[in-house]
Amino acid sequence: MIADRIKLARRKAGFSLRDLAEAMQHRVTAQAIGKYERGEDVGEDVPSSGVLTHQGKHYNSGRDRALVETQVLEWIERYLQVELVLELDSADWQCPLPKRQKLRDVNDAEQLAADVRKAWKLGIDPIPNMTELLEEKGLKVLIVTLPGRVSGFTCLVKRPTLPTCQSSS
């Protein structure tokens, strides 16, 4: 039972075994954490209360991220289910620019915005509804209250390929 809880808490916090060992300043090795999670050699290899407390501190640091990820995934599932039921054709995201660009300053951001406007043929007028524009281009826009330490997020979801016997709109 404790093995399952340790593994679940680590994964919820977004840590790999090595990441957690590093975050714990190698008080426990990644191999030992893996043993705890598998319930191997439970005798003397059960983590001490000090180790569990130290792990707990690091799990809490990932709690905000896990909360946001959970909210986003639930929202995406509902959104896509509604599209499926209503037989809506959801646009696929097509990046307007051929390659990812590194922004070094505000001028780079301004140039990127100008390039996107040109690629999407938007002109220079104000965009009346940015959410509508992004969703027309295949992005889903979610407004959610974020924990104080989270300023924003992006999420890329690839839909599974439909079987050939089904038709899609």
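The values are calculated or read from the model by the stated rules, or taken from the named source; none is laboratory data. Bear in mind that the values here come from a model prediction, so they are computed numbers and not experimental data. Glycine also receives a Cβ, built like all others from the backbone with ideal geometry; neighbour counts cover every protein chain displayed.
At a glance:
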| item | result |
| --- | --- |
| Identity of the residue in segment 95-133, polar (S, T, N, Q) and surrounded by 10 or more Cβ atoms within 10 Å (Cβ to Cβ), that ends up farthest from L156 (Cα to Cα) | Q111 |
| Given (1) in a helix (DSSP H, G or I); (2) under 29 Å from P147 (Cα atoms); (3) at pLDDT below 85, number of the condition R18 does not satisfy | (3) |
| Residues of segment 67-95 classified as over 21 Å from the mean Cα position of the chain (by Cα) and in contact (Cβ under 8 Å) with a residue 24 or more places away in the chain, total | 3 |
| Segment 2-25 residues that are without any contact (Cβ under 8 Å) to a residue 12 or more places away in the chain and of a type in the set (V, I, T), paired with ones that are surrounded by fewer than 19 Cβ atoms within 10 Å (Cβ to Cβ) and outside any helix (DSSP H, G or I) (beta carbon under 6 Å, 6 or more apart) | none |
| Test set (1) at pLDDT below 90; (2) in contact with a helix residue (DSSP H, G or I) (Cβ under 7 Å, 6 or more places away or on another chain) - I127 fails condition number | (1) |
| Matching residues, segment 3-15, being out of contact with any helix residue (DSSP H, G or I) (no Cβ under 6 Å at 6 or more places or on another chain) and not in a helix (DSSP H, G or I) | F15 |
| Where a residue in segment 113-142 is closer than 19 Å to W75 by Cβ and its partner, wherever it lies, is among the hydroxyl-bearing types (S, T, Y), with Cβ under 7 Å and at least six apart | K140/Y79; V141/T131 |
| Residues of segment 96-135 satisfying the condition of being part of a loop (DSSP other than H, G, I, E, B), over 26 Å from the mean Cα position of the chain (by Cα) and not charged (D, E, K, R) | W120, L122, G123, I124, P126, I127, P128 |
| Output for segment 145-161, where each listed residue is of a type in the set (V, I, T), more than 14 Å from the chain's Cα centre (by Cα) and modelled with pLDDT of 75 or more | T145 |
